[in-house]
1. Calculate the dipole size of region 37-130 relative to its Cα centre from +1 charges on Lys and Arg beta carbons and -1 charges on Asp and Glu beta carbons; express the result in debye to the nearest 20.
2. Looking at the square roots a ≥ b ≥ c of the eigenvalues of the Cα gyration tensor of region 37-130, which shape do they give, rounded for a/c under 1.5, prolate if a/b is larger than b/c, or oblate?
Amino acid sequence: MTRKTTAILSLVIAGALAPLLSSGVATADSTSRVPCGSGQVCIYPQVNYGGDPYVRRATDGSTSLGDKPIDNKTFSVINNGAERTARIYRSESYSGSRTCIQPGGKIANLQSYPVGRWGSSLKLNNDRCG
Ligand SMILES: [Ca+2]
């Protein structure tokens, strides 16, 4: 392989990867956001991932939101928990209308989803949504 060919290939690869890298980050605009780390499920008290998120490590398994500040303030969510689905329920004890977020998935505005902003418990599972 010539040096020129290698250089061209590098450019092609870089160009192909750039959209993938940028689309995986929850920074849709320039305003500051609290990022959701790898292996974490983050529920934000504002749409478009705004405000201080409730953060749960996916490896912790099934847990309730518990914290009063996030209760009924589930406006947006990022699921960075590898292999784990995240279900947000309207009521405590994992009942009521729910919305499931696939691993690697995110929802910028939960208000148009079944759980809405009214989430009060969160369950993480090693299953699939649906
Ligand atoms: Ca609720």
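All of the numbers you see were taken from the coordinates with simple rules; none came from a lab. Note that the structure is predicted; figures quoted are calculated from it, not measured. Neighbour counts run over all protein chains shown; Cβ positions are idealised from the backbone, glycine included.
1. Values: 12 positive and 7 negative charges, 33 e Å.
Its charge dipole is roughly 160 debye.
2. Working: a/c = 1.30, a/b = 1.16, b/c = 1.12.
It is rounded, given that a/c, with a ≥ b ≥ c, falls under 1.5.
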